[in-house]
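One structure is given below, encoded as structure tokens.
The values are calculated or read from the model by the stated rules, or taken from the named source; none is laboratory data. Since the structure is predicted, the reported quantities are computational estimates derived from the model, not experimental observations. Here the Cβ is made from the backbone with ideal geometry for all residues, glycine too, and neighbour counts use every protein chain on show.
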Amino acid sequence: MTKTRERRLPESVQSLCRSAARLRDQVKGRTISFSPKVFLPLTRLCRDRCGYCAFRQDPNDATPNYMTPEQVLAVVRRGEELGCREALFVLGDRPEQSYPGARLWLRQHGYDSTIEYLHDMCSLVLEETRLFPHSNPGILTRRELASLKQVNASMGLMLESTSRRLSEPGGPHHRNPTKDPQLRLRVLRDAGELKIPFTTGLLVGIGETGRERIDSLHQLRRLQSRYGHLQEFIIQNFVPKPGTPMEAAPGASGREMMETISHARLILGGSANLQAPPNLSGRNLRYLDYLDAGINDWGGISPLTIDFVNPEAPWPRIAALARQTESRGFRLKARFPVYPEYFQGPSSFLPSTLHSRLRSEADPDGYFPAGSLRTHPPVSTGEAAGAH
Ligand code: SF4
């Protein structure tokens, strides 16, 4: 841990971080991974209204409700040229339940639901390019999960928090049925029973207490112990956005992030893949310090598209991220949207076609072969977007 950080954090937190980093080193070694991706905001309409969300948009005649297949392919093909292998689909939750315009658009294009359209866009990406879809479409039925598994290398749903208080009047999840923690845990459990490599995590600083964060981590550990499908845990700091109901909220502190990351490492164990986003650090948060608390992954980084959930926060350039990660004694490696342990050797977590494709794309350790990624600076394509 750096001297600056040691001066700032209380000894109890420093000690927690040292234990977490030691456990990471013992099990994961000194490799830090990331996934070169393109970000596809398939639709920014959403039936919910979370108090912190700047991704969600109301219907607007000037803005199409959905990305078209041509728009999806144009972004994905450009990402392919740059060496990206993840097509991250992020979208609002079932907009057709709230907006006639969304229903009309879907019907005109031959679909009954946003999830059906998402399925076909994932298929299109797989048919036309070398990228692997990873979808974050919100709450899904078991049948929808099973269907999307066929066309996704991995999928995701943030638990955010198990705190029910956040749904009370004045809370960020008030009148947002999709943020019911029990509903989210049900989706995570269904994904486990269906053996889908799944990403989840906590959103830190939206009003939950430290005790509630620990409870959330224990719930995730229980699911992981039972099903083994939680391939990745994100510890994401809430950053207030202008124009949202929570614009004046303080956001997560550096101490809260360091404590939560190290608790996550210690509760979820040395083999867990633990990620914190490097583009959301700020005055009291330096992302390189997350290494001191036990992370082993920087998440998806795009050399092409912006972070539509946090449009104000550019991703670090990949070359700079590699240099900085190495300056702390680690090696940066590019991975696929599904982690190596889920496709090396026989796998019941992936359909056979996706399994074979991943095996043929990866090096013997399950990462990108050397020299397969171009490290272009981030360039904004299209408008901003981000959620869930
Ligand atoms: S965070 Fe997700 S569920 Fe909440 S309003 Fe934004 S898009 Fe909708």
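At-a-glance table
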{"read-out": "Of all residues in region 43-72 being β-branched (V, I, T) and at pLDDT 95 or above, the one that is surrounded by the most Cβ atoms within 10 Å (Cβ to Cβ)", "value": "T43"}
{"read-out": "Any hit, region 206-215, residues being free of Cβ contacts under 8 Å to residues at least 40 places away in the same chain and polar (S, T, N, Q)", "value": "no"}
{"read-out": "Selection status of R186, buried (at least 16 other Cβ atoms within 10 Å of the Cβ) and not β-branched (V, I, T)", "value": "no"}
{"read-out": "I234 in contact (Cβ under 8 Å) with a residue 60 or more places away in the chain, outside any helix (DSSP H, G or I), of a type outside the set (D, E) and within 25 Å of L166 (Cα to Cα)", "value": "yes"}
{"read-out": "Candidate set from region 140-165 (those that are of a type in the set (A, V, I, L, M, F, W, C) and within 12 Å of the ligand (Cβ to nearest atom)); member that is farthest from K195 (Cα to Cα)", "value": "M158"}
{"read-out": "Within region 30-78, tally of residues that are under 17 Å from the mean Cα position of the chain (by Cα) and part of a helix (DSSP H, G or I)", "value": "0"}
{"read-out": "Qualifying positions in region 137-156 - under 15 Å from D120 (Cα atoms), surrounded by fewer than 19 Cβ atoms within 10 Å (Cβ to Cβ) and in contact (Cβ under 8 Å) with a residue 40 or more places away in the chain", "value": "A146, Q150"}
{"read-out": "Residue that is surrounded by 21 or more Cβ atoms within 10 Å (Cβ to Cβ) and in contact with a Lys or Arg (Cβ under 6 Å, 6 or more places away or on another chain), where the choices are I206, I196, I234", "value": "I196"}
{"read-out": "Region 48-69 residues that are in contact (Cβ under 8 Å) with a residue 12 or more places away in the chain, paired with ones that are within 14 Å of the ligand (Cβ to nearest atom) and of a type in the set (F, W, Y) (beta carbon under 7 Å, 6 or more apart)", "value": "Y52/F238; F55/F308; P59/Y99"}
{"read-out": "Unique residue being among the β-branched types (V, I, T), modelled with pLDDT of 95 or more, surrounded by 19 or more Cβ atoms within 10 Å (Cβ to Cβ) and within 14 Å of the ligand (Cβ to nearest atom) when the list is V75, V125, V90", "value": "V90"}
{"read-out": "Given (1) within 16 Å of the ligand (Cβ to nearest atom); (2) crowded, with 18+ Cβ neighbours inside 10 Å; (3) under 28 Å from E312 (Cβ atoms), index of the condition E96 fails", "value": "(3)"}
{"read-out": "Hits in region 228-283 (condition: within 20 Å of the chain's Cα centre (by Cα) and of a type in the set (K, R))", "value": "K241, R265"}
{"read-out": "Candidate set: region 106-125, residues that are touching a strand residue (DSSP E or B) at 6+ places or on another chain (Cβ under 9 Å) and in contact (Cβ under 8 Å) with a residue 40 or more places away in the chain; chosen: the one farthest from R78 (Cα to Cα)", "value": "T114"}
{"read-out": "Residue selected from region 38-71 under the condition more than 22 Å from Q236 (Cα to Cα) and among the charged types (D, E, K, R), by the criterion nearest to the ligand (Cβ to nearest atom)", "value": "R47"}
